[in-house]
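What follows is a single structure, written as structure tokens, with notes after it.
Every read-out reported here was derived from the displayed coordinates using simple, explicitly stated rules and does not represent laboratory data. Treat the numbers as computed from the prediction; the structure is a model and nothing was measured. So basically every Cβ, Gly included, is an ideal-geometry build from the backbone, and we count neighbours across all protein chains shown.
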Amino acid sequence: MSAIDLGIIGAYLIGILVFGHSKKTAEPGSAVDYMLGGRRLTLPAFVATLVATWYGGILGVGEYTFRYGISNWLVFGVPYYLAAFLFAMLLAAKARRTQFITIPDRLHQCYGRHVSGVGAVVLFFWALPTAYILILGVLGNAFFGWPKFIGIVAGTVIVLIYAYVGGFRSLARADIWHFMSMYIGFVVTLIALVAKYGGYSFIKTHVPPTHLTWDGGNSPWFIAVWYVIALATLVDTSFFQNCYAAKNESVARRGILVSILCWCFFDFLTTACGLYARAVLSPNIDPVSSFPLLGATVLPIGLYGIFAVGMLATVISTADSYLFIAASTVGKDILCGWMRRPEKNANFYTKISLLFGSLLTIGIAMYFESVVTIWYSFGSIGTPILLVPLFTSFFGKRRMRSSTVMISMIVSGALSAIWLWSKTQTPDGGYWLGLEPIFPGLIVSFLFYLLIPAVQISHPDV
């Protein structure tokens, strides 16, 4: 990269520290203040935080678009819009009304300490920003020529610094900066690509025909699986965190609806840039690196730096939030909630867990090669464990007993994990019975809810 491009990236990193700095520090011992910013998140801040946090897998989007074209929108776009809409309509106001801090708080209220503890362990591993730290490692190699390990460590240190000091308030302030940077980066890049190569006619003549079909050459079954995986949104820690931190119930619901519109536009930008990458670059490149290579190959000095900032902002804004969520899950829910350590030490435990979570994230990120594989694996196991117990805790007059939930979580998660492993044991590399791993676990979880005697309640919100 040129000195100008590096200077633009440097200015962006300084901007993180400036925006992330808060004159008002967290109150000592106040978990609500440190973990939720005192529940004062306004609508603009809510939208900026949720949009930036939930769209971190930018190289995964580039990878999928490079391989399969516009079906990216039907896999990583539409199913998540629908799931987010369901969350807004069904859960946002209810979550804010509970006055909780974390998802395990709800599990504790409804099913007891041990179910909450198991759920917290699952959420901790699920929230670890492994995929996003891996992306930062790839970007470090693309921009600076660093080995993957150096990029992963450097990226982890960046997302750790201001999360450690300022908590949620610092993250929310920095997300405003991330939000602006990611949109500017991709808008400028798309304009430059259209000006240089032309519009749709250029794309149509330079990408494989399947890239402009709804399925991208994949089976409808493969596409449908992602609509089920998208249901993980209903138990997504960042959605609940933002709703818990919102100023009121109206901000929580309207904030998600506005965010959906923002994601639609950003998906248009990223999918279009991904199609240009497939049209311009060699089909033999590593698809995960398609966006960085597109910038390095096509964009002039200065614009490449702006595009690089757009990618970095998209990833860092997600990695820092999920690392903080994972740490607060350990500090508050596992140590204070499950192991009954003093609640007044929750903030201290969270800060220590940020360091532990960072090291664990680095180790896992070094193991995986594909961002999409990480999403698929964790989503296929975590969704069956948590979806039914958490969702049904808010609705209906029928709730599983604590012992039933515990068995359901263990059996459904283990079954999906075994099914995921089965791909390595079959001659054709397929799953047992041709069934995707998420489905056996979900089926078992639903059966536990439907068939085993449950508790009748009069007010599901409490």
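One table, with the values for the structure above:
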quantity	calculated
Size of charge dipole - the stretch 270-359 - debye, nearest 20, with Cβ of Lys, Arg +1 and Asp, Glu -1, no other charges	340 debye
C-alpha long axis of helix 148-197 to longest principal axis of the chain, angle in °	40 degrees
Isotropic mean projected area of the C-alpha convex hull, the chain (nm²)	20.9 nm²
Residues 428, 215, 175 arranged by fewest to most Cβ contacts within 10 Å	428, 215, 175
Peptides 298-304, 238-244, 42-48 ordered by average Cβ neighbours within 10 Å, highest first	238-244, 42-48, 298-304
Signed unit charges on C-beta, dipole axis of the stretch 203-281, positive-most listed residue 257, 241, 219	257
Per-residue Cβ neighbour rank within 10 angstrom, fewest leading, 424, 213, 237	424, 213, 237
Over the stretch 3-385, relative contact order from alpha-carbon pairs under 8 Å, at least 6 apart, %	38 percent
Dipole magnitude of the stretch 3-385, debye to nearest 20 (Cβ charges: Lys/Arg +1, Asp/Glu -1, about Cα centre)	980 debye
Projected area averaged over orientations for the stretch 209-321, convex hull of C-alpha atoms, nm²	9.3 nm²
Where Cα atoms sit under 16 Å apart: lysine pairs in the chain separated by 8 or more or lying on different chains	5
Highest-first arrangement of 1-13, 310-322, 352-364, where packing means the average Cβ count within 10 Å	310-322, 352-364, 1-13
Nearest 10 degrees, 0 to 90: helix 249-280 Cα axis against the chain principal axis	30 degrees
Rg/Rh ratio calculated on Cα atoms of the stretch 135-268 (Kirkwood radius)	1.02
Inter-label distance for residue 78 and residue 282, nm, one decimal - labels placed 7 Å from Cα along Cα-to-Cβ	3.5 nm
Descending semi-axes in Å of the stretch 93-153, equivalent ellipsoid built from Cα gyration tensor	38, 13, 6
5 Å-binned pair-distance histogram of the stretch 372-452 (Cα, whole percent)	3, 17, 25, 21, 15, 10, 6, 2, 1, 0
In degrees, nearest ten, helix 346-367 long axis to first principal axis of the chain (Cα)	50 degrees
Expected 222 nm ellipticity per residue - DSSP helices of 4 or more, -39500 (n - 2.57), all of the chain, to 500	-24000 deg cm²/dmol
